[in-house]
Amino acid sequence: MNQQPLSGIKVIDFTGVQAGPACTQMLAWFGADVLKVERTTGGDVTRHQLRDIPDVDALYFTMLNSNKRSLAINTKTPEGKEVMEKLICDADVLVENFAPGAMDRMGLSWEHIHELNPRLIFGSVKGFNEDSPWADLKVYENVAQCAGGAASTTGFWDGPPTVSAAALGDSNTGMHLLIGILTALMAREKTGVGQKVSVSMQDAVLNLCRVKLRDQERLERLGYLEEYPQYPNGTFTDTVPRGGNAGGGGQPGWVLKCKGWETDPNAYIYFTIQEQNWERTCEAIERPEWVHDPAYCTVEARQSHIFDIFDEIEKWLADKTKYEAVDTLRKYEVPCAPVLSMKEIAYDPALRTSGSVVEVEHKERGSYLTVGCPVKFSDFAPQITGSPLLGEHTDQVLTELGYDADTIAALHAEGVV
Ligand code: CAO
């Protein structure tokens with residue numbers, strides 16, 4: 001397919017850090033013309049955060065802002081605001097994730113934007129919904145994980161609430177916003193009118209924690225949760241506990257040690273005991289006597305000594321690497337996977353072939369690895385390009401808006417761009 005699905009869609013990317021940029025980057029991958037509007041003083045903060053090469057945009061920025069153009073402009077000046085308003089009049093989508101109230105303080109409220117361009121879709125990320133008692137808070141990733149129910153249910157029961165390495169608050173919220181924006185674009189086909197699409201980071205985290213809310217309701221009804229390590233030998237309170245590495249559904253599972261775990265922190269597999277596959281699981285781990293043993297042959301019988309069973313499986317795993325173990329277990333259809341390190345993922349040839357990890361050129365840093373598009377189409381392959389330098393497209397964009405060379409020079413001289 002030569003035509004990119006979102007070609008012709010103009011997006012003003014008034015975002016920073018991760019939640020907003022993750023959303024607009026994917027719009028750009030799908031073919032939208034995404035213009036990142038940044039402060040003249042340093043641009044998006046992630047350009048400078050955790051730099052690995054002096055004076056070169058940090059990977060934090062390059063990995064969230066590929067396929068975009070950059071306009072550096074002070075939108076708090078009258079001239080800068082005028083440029084913004086011209087862009088708004090001509091755009092299909094505007095996305096922002098500033099601190100609560102920042103857009104209003106800039107004179108760019110939703111009402112004003114909607115008046116300027118009724119067709120425009122306005123995407124907004126905040127930490128909390130407008131009617132939340134915490135609506136005024138500035139929010140980063142881990143704050144959202146704590147407020148959305150992820151932290152209280154992650155980790156081990158004898159440790160504190162724990163945050164996940166996965167960006168449940170940031171990129172996940174950006175993906176929720178992306179769904180909302182694409183839906184609003186579809187709605188606009190019917191109505192001709194744009195709308196405001198808001199996602200709070202708390203909600204986006206909660207949406208991924210829905211099985212934990214399921215567990216809260218079950219706990220209140222039953223007083224126990226049978227798939228948690230606390231059952232049947234431990235105790236429950238009135239709230240969902242942290243379940244360590246237990247499987248979240250009805251199939252018990254755990255992270256198990258493989259050969260080399262003493263020195264390799266990732267020499268583990270995730271092993272699932274699938275009820276309907278018990279017989280073959282016993283064959284796989286060379287314990288055929290368990291198939292009909294009353295102490296093992298039903299879910300209920302196994303529950304009270306599930307960790308003894310996992311200990312026995314670890315004995316079987318002791319002389320097998322995680323890859324050897326999975327190669328055997330897959331023949332018996334045991335749901336399992338090796339625990340992969342980031343190094344293994346970075347150099348995994350299959351992930352390179354599928355375009356899930358890609359090497360991209362950047363004007364100043366040379367080539368770098370980034371996570372490619374996780375959505376695969378039968379008739380379209382996103383081409384990932386490098387991120388823009390700060391203000392790289394400022395003059396180009398101003399020219400497109402009709403500014404002549406003298407006016408552009410004056411805007412530079414006045415520090416507006
Ligand atoms: N020209 C002039 N001013 C600009 C500008 C531009 N091009 N771009 C941004 N600004 C201004 C904003 O208007 C704001 O000004 P005021 O404070 O006077 O209103 C100021 O820069 C700072 O905005 P900010 O929101 O980016 O920065 P912050 O450091 O205060 O907060 C964050 C950062 C992420 C905590 C906050 O934006 C936030 O809570 N956002 C909503 C939730 C969110 O998306 N968090 C996820 C971030 S990913 O981890």
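Here are the numbers for the structure shown:
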read-out	value
Alpha-carbon Rg/Rh ratio, for segment 253-334, with Rh computed the Kirkwood way	0.96
Per residue accessible area in Å² of segment 1-86, where ligands, DNA and RNA are left out and the probe is 1.4 Å	38
Cut-off under 5 Å, modelled amide H: who pairs with Val197 long-range	Phe122, Gly123, Ser124
³J(HN,Hα) computed for each position of segment 292-302 - Karplus, 6.51 cos²θ - 1.76 cosθ + 1.60, integer Hz, glycine/proline x	10, 5, x, 7, 10, 7, 10, 4, 4, 5, 7
Alpha-carbon radius of gyration plus Dmax, which is the widest Cα pair, for segment 143-192 in Å	16.4, 55
Base-10 log of normalised Debye intensity for segment 34-172 (one unit scatterer per alpha-carbon) at q = 0.11, 0.12, 0.17, 0.18 Å⁻¹	-0.54, -0.63, -1.12, -1.20
Long pairs among Lys81/Lys190; Lys196/Lys363; Lys10/Lys76; Lys138/Lys196; Lys36/Lys138; Lys212/Lys320, criterion Cα-Cα beyond 24 Å	Lys81/Lys190; Lys196/Lys363; Lys212/Lys320
Nearest-10 value in Å² for the accessible area of His112, using the 1.4 Å probe	50
Amide proton proximity set for Tyr268, modelled H, under 5 Å, gap of 5+	Cys258, Val339
Three-way shape call for segment 161-235 based on the alpha-carbon gyration tensor, with the a/c threshold at 1.5	prolate
Residue-normalised accessible area of segment 253-334, given per residue in Å² at a 1.4 Å probe	54
Per DSSP, loop GluC sites (Glu not before Pro) in segment 201-284 with at most 12 further Cβ within 10 Å	Glu262
Whole-Hz ³J(HN,Hα) from phi, Karplus 6.51 cos²θ - 1.76 cosθ + 1.60, for segment 221-234, glycine and proline x	7, 9, x, 8, 10, 5, 8, 8, x, 6, 9, x, 8, x
Radius 13 Å from Cβ of Gly223, net charge of other residues (Lys, Arg +1; Asp, Glu -1)	-3
Solvent-accessible ranking of Trp278, Trp157, Trp110, largest area first, probe 1.4 Å	Trp157, Trp110, Trp278
Segment 154-169 - phi-based ³J(HN,Hα) in whole Hz, Karplus 6.51/-1.76/1.60, Gly and Pro as x	10, x, 9, 5, 9, x, x, x, 10, 8, 8, 6, 5, 7, 5, x
FRET efficiency, 1/(1 + (r/R0)^6) with R0 35 Å, evaluated for Val193 and Arg51 via beta carbons	0.20
Unit Cα scatterers, Debye sum, the chain: log10 I(q)/I(0) for q = 0.08, 0.09, 0.14 Å⁻¹	-0.57, -0.70, -1.27
Of all accessible heavy-atom area on segment 295-417, the percent that carbon and sulfur account for (1.4 Å)	56
Carbon + sulfur, % of accessible area of segment 130-190 - ligands and nucleic acids excluded, 1.4 Å	64
Area of Thr183 that stays accessible when all protein chains are in place (1.4 Å probe, Å², to 10)	80
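The values are calculated or read from the model by the stated rules, or taken from the named source; none is laboratory data. Here the structure is a predicted model, which is why all the values come from computation and not from measurement. Cβ coordinates were reconstructed from backbone atoms using ideal geometry, including for glycine residues, and neighbour counts include every protein chain displayed. Each accessible area value is taken on the protein alone, full model and side chains, heavy atoms only, with ligands, DNA and RNA left out. Shrake-Rupley method; radii C 1.70, N 1.55, O 1.52, S 1.80 Å.
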